[in-house]
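Below you'll find the structure, written out as structure tokens, and then a few comments.
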Amino acid sequence: HAEDFNATLLRTIEQVQQSPRCSPVEVRQDFWQRFGEWERLEELRLSRPSAFKALPFAPGGSGENP
């Protein structure tokens, strides 16, 4: 059974190595700035959830803020 696993693993590795590579993904120039802003908002949401209760509901939202 271990031999079957080894053979399967080797076949899978060969298939992956022979597969075409994906093209590089374009990342927006301001990605890290936006990520940092999101992190600060998430920290605020966790430490002061009432701050988010004061925000208006999102249009078409479920009537609850995150």
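Cβ-Cβ contacts under 9 Å between residues 6 or more apart (or on different chains), taken from a first residue in segment 15-33 that is part of a loop (DSSP other than H, G, I, E, B) to a second residue that is surrounded by 10 or more Cβ atoms within 10 Å (Cβ to Cβ) and at pLDDT 95 or above, are listed as R28/R34. Within segment 34-57, if we keep just the residues that are assigned to a loop (DSSP other than H, G, I, E, B) and not hydrophobic (A, V, I, L, M, F, W, C), the residue that is modelled with the highest pLDDT turns out to be R48.
The values are calculated or read from the model by the stated rules, or taken from the named source; none is laboratory data. Quantities reported herein were computed from a predicted structural model and do not represent experimental measurements. Cβ sites come from the backbone with ideal geometry, for glycine too, and all protein chains shown count toward neighbours.
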